[in-house]
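Q: So that we are looking at the same thing, I have put the structure below in structure tokens.
Since every read-out is calculated from the coordinates, none of them should be taken as a lab result. Predicted model, so just to flag it, every value in this text is computed and none were measured. Virtual Cβ from ideal backbone geometry, glycine too; neighbours counted across all protein chains shown.
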Amino acid sequence: MTDSVGNSRNDFRSLKYRNKFSNASKLRRFAWEVVWLLAFRPTPRWALHGWRRLLLRAFGARIGAGCRIAPSCRVWAPWNLEMGAYSALGDGVDCYSMDRITIGSKVAVSQRSFLCAGSHDVSSLSRPLVTGPIVIEDHVWIAAESMVHPNVVIQEGTVVGARSVVLKDLPPWSVCVGHPCRKVRDRVLRDGGHV
């Protein structure tokens, strides 16, 4: 018996998704999920910022001084997350850190944004995992419900408008919006650039 594209049912076993993660990596992820559920997520939003930073650091994240990470923020693999000083991950932010996510200093990632460092190769029916790093430089603001794809660099000082989809690198000190996200104007600071 064959399906609509001519494959026999027995051929489907060869198309089975193959997970490239080791058992040790899976165990580490499981341990982090338990800690997130029992010790990270239940904390109050307005307090215990240092505690949440400590938990992330205990699992290998490099978190700068003064960072604020909301308790509802999901970090897939803390060991792939690096944040500079005084940056923030808002409520419901999803750091799908299957690859490295590097966030500079004084960066704001607003509520329900999705930093997606992993995807699947759609040129194969087994859809193997593909990953790529994300770099977000200093003084960037990613507004609410935006999505950043793998292999993207958002350069210093850029603002990504709400619900934008970032598919490629963005230039510095720009205001960028849309799907796909593109520059609409320069970001000019009224205070002459004192940060």
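Q: If you filter segment 33-135 for chymotrypsin sites (Phe, Trp or Tyr not before Pro), then keep DSSP loop positions with at most 10 other Cβ within 10 Å, what is left?
A: 46
Q: Further question: Could you tell me which of 174, 72, 95 has its Cα farthest along the dipole of the chain towards the positive end, charges placed at Cβ (Lys, Arg +1; Asp, Glu -1), taken about the Cα centre?
A: Value: 72.
Q: Go through 115, 46, 159 and say which Cα lies farthest out towards the positive end of the charge dipole of segment 21-185; charges sit on Cβ, +1 for Lys and Arg, -1 for Asp and Glu.
A: So the residue furthest toward the plus end is 46.
Q: If you restrict to DSSP beta bridges whose two residues both lie in the chain, what percentage is antiparallel, to the nearest 5?
A: So the antiparallel bridges amount to about 20 percent of the total.
Q: Let me ask you something else. Within a 10 angstrom radius of the beta carbon, how do 110, 72, 146, 123 rank from fewest other beta carbons to most?
A: 123, 72, 110, 146
Q: Same structure again: Under the rule that an exposed site lies in a DSSP loop and has at most 12 other Cβ atoms within 10 Å, name the longest stretch of the chain with no trypsin sites (Lys or Arg not before Pro) of that kind, not counting the sites themselves.
A: With trypsin sites (Lys or Arg not before Pro) excluded where exposed in loops, the chain gives 46-167 as its longest stretch.
Q: Counting Lys and Arg as +1 and Asp and Glu as -1, each charge on the Cβ, what is the dipole of the chain about the Cα centre in debye, to the nearest 20?
A: The dipole magnitude comes to about 460 debye.
Q: I've got another one for you. Determine ³J(HN,Hα), in whole Hz, for all residues of segment 70-85 in sequence, where each value follows from phi through the Karplus function 6.51 cos²θ - 1.76 cosθ + 1.60 and θ = phi - 60°; x replaces Gly and Pro.
A: Ordered by residue, 3J(HN,Hα) equals 4, x, 8, 5, 9, 10, 5, 9, x, 5, 9, 10, 10, 10, x, 6 Hz.
Q: I've got another one for you. Any idea how far apart residue 35 and residue 102 come out in nm if each label point goes 7 Å out from Cα toward Cβ?
A: The answer from the label model is 2.3 nm.
Q: Another question, then. Using the crude model of +1 on Lys and Arg Cβ and -1 on Asp and Glu Cβ, and no other charge, please compute the dipole size for segment 125-192 relative to its Cα centre, in debye to 20.
A: 320
Q: What is the sum of charges around residue 72, taking Lys and Arg as +1, Asp and Glu as -1, for the other residues whose C-beta is under 12 Å from the C-beta of residue 72?
A: Here the charged neighbours net out to +3.
Q: Which shape class, rounded, prolate or oblate, goes with segment 21-185 when its Cα gyration tensor gives a ≥ b ≥ c as root eigenvalues, a/c under 1.5 marks rounded, and past that a/b bigger than b/c marks prolate?
A: Oblate, because a/c is 1.5 or more while a/b does not exceed b/c.
Q: Amide H neighbours of residue 152 under 5 Å, counting only residues 5+ apart in sequence or on other chains, H built in-plane at 1.01 Å?
A: So residue 152 has HN proximity to 135.
Q: In sequence order, what are the phi-derived ³J(HN,Hα) couplings for segment 35-44 according to the Karplus relation 6.51 cos²θ - 1.76 cosθ + 1.60 with θ = phi - 60°, rounded to whole Hz, with x for glycine and proline?
A: Ordered by residue, 3J(HN,Hα) equals 5, 4, 5, 9, 10, 9, 4, x, 6, x Hz.
Q: Here is a further query. Count charges around residue 134 for me, please; just the other residues with Cβ under 14 Å from its Cβ, Lys/Arg as +1, Asp/Glu as -1.
A: Once all neighbours under 14 Å are counted, the net charge is -3.
Q: Then there is this: Which whole-number percentage describes the relative contact order of segment 21-185, with Cα contacts under 8 Å and a sequence gap of 6 or more?
A: 12
Q: Once both axes come from the Cα atoms, what is the angle between helix 49-58 and the longest principal axis of the chain, in degrees from 0 to 90, rounded to 10?
A: Taking Cα atoms only, the helix is inclined about 40 degrees.
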